[in-house]
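The next block holds one structure in the form of C-alpha cells; read it before the comments.
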C-alpha cells in the first residue's frame with residue numbers, strides 16, 4: 001500500500017489530511033480544508049483519508065481540523081461531509097479519540113448542525129470546537 005495518494009504525490013497541496021505526530025500512543029492528524037486545491041474532490045478526499053487511516057490499522061487517533069478560511073464553497077460540499085460521517089461511523093469512529101476544530105467559521109458551525117442528525121451521539125461527542133481565540137496547529141504538537 002502506498003503511503004500517499006496519487007493526487008498528493010504529484011501535488012502535496014491537492015488534499016489536506018496529514019499525519020503530524022504521535023502523542024501518548026495516539027496518532028495526530030491535521031486537516032485544513034481551505035488550504036486544499038482540490039477541496040471539492042469528494043471521492044479523492046475520502047479515499048485519501050481512508051488510505052491514511054488504514055495505514056495505521058486499529059491504532060487510536062485524533063484530528064486537528066483547522067477552519068481558518070473555511071467558507072461557503074467548502075460548506076457546500078455536503079456530499080463530502082456525509083461521506084466523512086459515513087467513513088468515520090463505519091470504519092474509524094471507534095479508534096477516533098477526538099476531533100479538535102480550531103479557528104472555526106460560522107460555516108463550520110452551520111455544517112455541523114446540518115450533519116448532526118446523521119452523526120451518532122457517541123461520535124458527535126468527540127468533536128470539540130475551540131473558538132476562544134485564533135490558534136496555530138503548532139500549539140498542539
Hits in region 119-141 - residues which are surrounded by 11 or more Cβ atoms within 10 Å (Cβ to Cβ) and closer than 20 Å to residue 21 by Cβ
126, 128, 130, 135, 136, 137, 140, 141
Of everything in region 111-124, what is at pLDDT below 90, over 16 Å from the mean Cα position of the chain (by Cα) and in a helix (DSSP H, G or I)? Give them in sequence order.
113, 114
Pick from region 48-60 the residues that are surrounded by 20 or more Cβ atoms within 10 Å (Cβ to Cβ) and under 22 Å from residue 120 (Cα atoms): which of them is farthest from the chain's Cα centre (by Cα)?
53
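Please determine whether any residue of region 125-138 is in a helix (DSSP H, G or I) and at pLDDT 95 or above.
no
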Do we have any residue at all in region 99-107 that's in contact with a strand residue (DSSP E or B) (Cβ under 6 Å, 6 or more places away or on another chain), in contact (Cβ under 8 Å) with a residue 40 or more places away in the chain, under 18 Å from residue 33 (Cα atoms) and surrounded by 13 or more Cβ atoms within 10 Å (Cβ to Cβ)?
yes
Examine region 5-12 for a residue that is closer than 20 Å to residue 103 by Cα, surrounded by fewer than 18 Cβ atoms within 10 Å (Cβ to Cβ) and either without any contact (Cβ under 8 Å) to a residue 40 or more places away in the chain or under 16 Å from the mean Cα position of the chain (by Cα) (or both), and state whether such a residue exists.
no
Look at residue 82 and say whether it is under 14 Å from the mean Cα position of the chain (by Cα), surrounded by 13 or more Cβ atoms within 10 Å (Cβ to Cβ) and at pLDDT below 95.
yes
Working only within region 34-47, note down all residues that are assigned to a helix (DSSP H, G or I), free of Cβ contacts under 8 Å to residues at least 40 places away in the same chain and either more than 15 Å from the chain's Cα centre (by Cα) or within 20 Å of residue 139 (Cα to Cα) (or both).
35
I'd like the full set of residues that are part of a helix (DSSP H, G or I) and either modelled with pLDDT under 95 or over 20 Å from residue 77 (Cβ atoms) (or both), limited to region 2-33.
6, 7, 8, 9, 10
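The values are calculated or read from the model by the stated rules, or taken from the named source; none is laboratory data. Every value quoted in this text rests on a predicted model; they were computed, and no experiment measured them. Neighbour counts are summed over all protein chains in view; Cβ atoms, including those assigned to glycine, are modelled from backbone coordinates with ideal geometry.
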